Amino acid sequence: MSETERVKCLIIGSGPAGYTAAIYAGRANLSPVLYEGLQPGGQLTTTTDVENFPGYPEGVSGQQLMEDLRAQAVRFGADMRFGIATAADLAKAPYRITIDEEKVVEADSIIIATGAAAKYLGLEDEKKYAGMGVSACATCDGFFYRKKTVAVVGGGDTACEEAVYLAGLASKVYLLVRKDYLRASKIMQDRVMNHPNIVVLFEHNAVGLYGDGGVEGVHVVKRLGQADEERYDLPVDGFFLAIGHQPNSEIFKEYLDRDEVGYILTEGTTPRTKVPGVFAAGDVADPLYRQAITAAGSGCKAAIEAERYLSAKGLV
């Protein structure tokens, strides 16, 4: 028989949103319990240097930033636990979340901060060069490629936006597009096609990466018609994936509204979902910005909303 526990505030996820929510919830005496998920610290722990998070003038490693946020949450009484949320029942309060398919936690309020995972091509080399030239965030890592040559993979608005952003920093940007056209909006297509630093390579597939101690180039395949193709190596210093993100929201789909990709929909600029007392923070509800600082801000909002909700219910 599964074990059941009752908590006032349950936080699911441990990136900037989850940890910041835990800091605020802890200071509000909500006795928050946080389950850290598959990747404690979230996506940021796979990033080397973070230079755009306020308060770190010399920059900080993603791992260190997350450790600092975690320690701050612990200081205010957050109960940090290893475990993955594997099922959810949000039909009525207290809400029930199953951890690791066995333990059930009943929660008066829930903050969902499960993040969104960047989609990768599935190449072994993407893992091999993670943090050494492979990135899924131009805004996070573009600064390190000033005056260098980079490749961006994708053909939609995100890929075009990333290419234009990087073109303002790098000396040359190759946009590798699998099809013979761009899926992006007309305005983004125009910006890309007319930018002097961007070279669009249609019908190109990245099939591997090479380099000694870091990315030095991409193995590409160019389609030359129905059956013919040409393989060659494209020298680049950085390799950016821009083929989308997958929000980690699947277990909540029965109860919460989501967009067509899976991002949880919230009310206006608040983290409130359609279920009272359930809030969504960070990348799981943000298809637009996906930054550590915006995730942290939304974690703050979610904890404040949770405190107000619990207070109105007479639960704190």
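Points to keep in mind about this one:
- Failed criterion for K274 (all others in (1) at pLDDT below 95; (2) on the phi < 0 side of the Ramachandran plot; (3) part of a loop (DSSP other than H, G, I, E, B) hold): (1)
- Total residues in the stretch 287-312, condition at pLDDT below 95 and in contact with a strand residue (DSSP E or B) (Cβ under 9 Å, 6 or more places away or on another chain): 3
- Residue in the stretch 217-236 that is more than 19 Å from D141 (Cβ to Cβ), assigned to a loop (DSSP other than H, G, I, E, B), small (G, A, S) and in contact with a helix residue (DSSP H, G or I) (Cβ under 8 Å, 6 or more places away or on another chain) present: no
- Filtering L310, L256 for residues that are over 23 Å from T45 (Cα atoms) and part of a loop (DSSP other than H, G, I, E, B) leaves a single hit, L256.
- Looking across the stretch 288-306, the residues that are under 18 Å from P276 (Cβ atoms) and hydrophobic (A, V, I, L, M, F, W, C) come down to A302, A303, I304, A306.
- Matching option when the condition is in contact with a strand residue (DSSP E or B) (Cβ under 8 Å, 6 or more places away or on another chain) and part of a loop (DSSP other than H, G, I, E, B), among Y56, Y19: Y56
The values are calculated or read from the model by the stated rules, or taken from the named source; none is laboratory data. Owing to the predicted nature of the structure, the values given are computational and were not obtained by experimental measurement. All Cβ positions, glycine included, derive from the backbone under ideal geometry; neighbour counts span all protein chains shown.
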